[in-house]
Amino acid sequence: MLHRPYQEKDFIPRSTPELYLDNWNGETYAPSNIALIKYWGKSGLQIPMNASLSFLLPQSITRTRAKATLLKQPAGRVLFNFRFQGAENPDFNRKIAAFFDRISVFMPFLPYYKWEFESTNNFPHSAGIASSASGFGALAKLLIDFEKALYPHAGPDYLYRKTSFIARLGSGSAARSVTGPVSVWGSHPDIPGSNDLYAIDFPFEIHQNFGQVTDLILLLEKEKKEVSSTQGHALIDTHPFKKSRIEQARQHLSGLSASLQTGDWEQFGKITETEALTLHAMMMTSDPYYILMQPSTLRWIKQIWDLRKSTGIPVYFTLDAGANLHIIYPTSYEKRIFDNLEEISQTDKLLNRIEIIPRNSD
Ligand code: PMV
């Protein structure tokens, strides 16, 4: 059945909660994701310049616990205490305060409570692995669980869409961490139901050649990156290649969608690598320009290209906004890849197994 997108106003509750609980405890987790078609450039409140497509990274997760206590009087804004890996972090506090300000119109019941959050990642944050995606994904899931507790009659489809909508208001890429394993966020003519407000599950059947995919992240750089994604997005507004980038991303998403459906790894890999290089080329040609790759990133790219050329193994790379390299391949080729790239065993890495179960047509 074709999904008709919700509009922003649909996410504003029409009535006060059916009940106010005195206390509420919740716990959930969300995985990170890696964009194959990149979201780079936005307007307003996280409205993407182009549609993006991603794989969930099921083993790279943020787990968050929440405790809500009813206040005697609602506060003027959401009162919260947020601990990440056991400690407060002023940077996160600022981002989360801005997030609560943005979402309060859609969740007006939040200031009736005092909130305590405890959050942990099982991977390094701010290292070009989308930690804000899993972080805000987990937060959005928790808040929607809470909404469900206050509005027990809310429909599952509505809550599912609203989860991604709320996650997006924390961090654009987070919209794609609560759907999947393959998600599309942003309006695209080839993808029915796609829209700018929240991500949807890739709506077509995926070929069995993509049934089991591995994303191996080489942790080449664990320091916080020098230019944040927020700063990077802002530079696209006046970027000389903005118009052609929008057109390129549109065509790439059509091509990637087709390759997932036909099982064409070669086309998939070519588009994926072009997207990664374009993302970084956009950074290198911004004003001011900057480079997030490291010499080791380029060295590894070359090794992957050499391996592909000499063996024909379908092994490709992508990059997030950082120096760490994501190597993507059908899981069945892993042994051959490891045997050929001996250095892999001595390099810090994260393995994510993406299981894409072919859909039954309904
Ligand atoms: O979600 P943000 O605002 O951190 O932006 C993420 C942008 C990229 O990670 C570079 C690409 C993407 O689509 O995830």
With 20 Å bins from 0: P(r) over the chain, alpha-carbon pairs, percent:
30, 57, 13, 0
Amide H neighbours of Q212 under 5 Å, counting only residues 5+ apart in sequence or on other chains, H built in-plane at 1.01 Å?
T331, I356
Accessible surface ranking that places the most exposed of E27, E147 first, with a 1.4 angstrom probe
E27, E147
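Out of all DSSP beta bridges in the chain, what portion is antiparallel? Express it as a percent rounded to 5. Before the final figure, lay out the partial values.
Details: 50 of 56 bridges.
Beta bridges within the chain, antiparallel portion: roughly 90 percent.
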Which angle between 0 and 90 degrees, to the nearest 10, do you get for helix 156-170 versus the longest principal axis of the chain when only C-alpha atoms count?
80
In whole angstrom, how far apart do the alpha carbon centroids of the range 213-287 and the range 178-193 sit?
16
What do you get for the angle between helix 90-103 and the principal long axis of the chain? Use alpha-carbon atoms, 0 to 90 degrees, nearest ten.
70
Give me, ordered by chain and number, the residues 5 or more places off S187 or on other chains with an amide H under 5 Å from its own placed amide H.
N195, D196
HN-Hα J couplings of the range 232-245 from phi, Karplus 6.51/-1.76/1.60, θ = phi - 60°, integer Hz, Gly and Pro as x?
x, 4, 4, 6, 6, 3, 10, 6, x, 9, 3, 5, 5, 5
Given G312, Q294, L260, which one lies farthest toward the positive end of the charge dipole of the chain, if we put +1 on the Cβ of every Lys and Arg and -1 on the Cβ of every Asp and Glu?
Q294
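What does the convex hull of the Cα atoms come to per residue for the range 1-146, in Å³? Don't skip to the answer; put the middle values down first.
Details: hull volume 22.2 nm³, N = 146.
Given the Cα convex hull of the range 1-146, per-residue volume reads 152 Å³.
Grab the DSSP H runs of the chain that are 4 residues or longer, score each as -39,500 (n - 2.57), total them, divide by all residues and round the 222 nm result to the nearest 500 deg cm²/dmol. Walk me through the numbers on the way to the answer.
Details: 8 runs with 120 residues, N = 362.
The helix-only estimate for the chain comes to -11000 deg cm²/dmol at 222 nm.
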Karplus (6.51, -1.76, 1.60) ³J(HN,Hα), θ = phi - 60°, over the range 305-313, in Hz, Gly and Pro reported as x
4, 5, 4, 4, 5, 7, 10, x, 5
What is the set of long-range amide H partners of S60 at a cut-off below 5 Å, with H atoms built 1.01 Å from backbone N?
S32
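Solvent-accessible area per residue for the range 208-355 at a 1.4 Å probe radius, Å²?
Details: 7210 Å² over 148 residues.
On a per-residue basis, the range 208-355 sits at 49 Å².
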Kindly flag which residue pairs out of K95/K148; K38/K335; K42/K243; K38/K242; K42/K148 have an alpha-carbon separation exceeding 22 Å in this structure.
K95/K148; K38/K335; K42/K148
Could you order K114, K38, K335 by accessible surface area, starting with the largest, using a probe radius of 1.4 Å?
K335, K114, K38
Might you tell me the accessible area per residue for the range 1-124, computed with a 1.4 Å probe and given in Å²?
51
Taking the Cα atoms only, what angle lies between the long axis of helix 265-284 and the longest principal axis of the chain, rounded to 10 degrees?
70
What is the dipole size for the chain, taken about its Cα centre, with +1 at each Lys and Arg Cβ and -1 at each Asp and Glu Cβ, in debye to the nearest 20?
600
Go through K72, K141 and list them by solvent-accessible area, largest first, probe radius 1.4 Å.
K72, K141
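Suppose every K and R has +1 on its Cβ and every D and E has -1 on its Cβ; what is the size of the dipole of the range 8-201 about the Cα centre, in Debye to the nearest 20? Numbers along the way, then the final one.
Numbers: 20 positive and 16 negative charges, 66 e Å.
It works out to roughly 320 debye.
The values are calculated or read from the model by the stated rules, or taken from the named source; none is laboratory data. None of these values were measured; they are calculated from a predicted model. Glycine gets a Cβ as well: all are built from the backbone with ideal geometry, and neighbour counts include every protein chain shown. Surface accessibility is based on the protein's heavy atoms, side chains included, excluding ligands, DNA and RNA. Shrake-Rupley method; radii C 1.70, N 1.55, O 1.52, S 1.80 Å.
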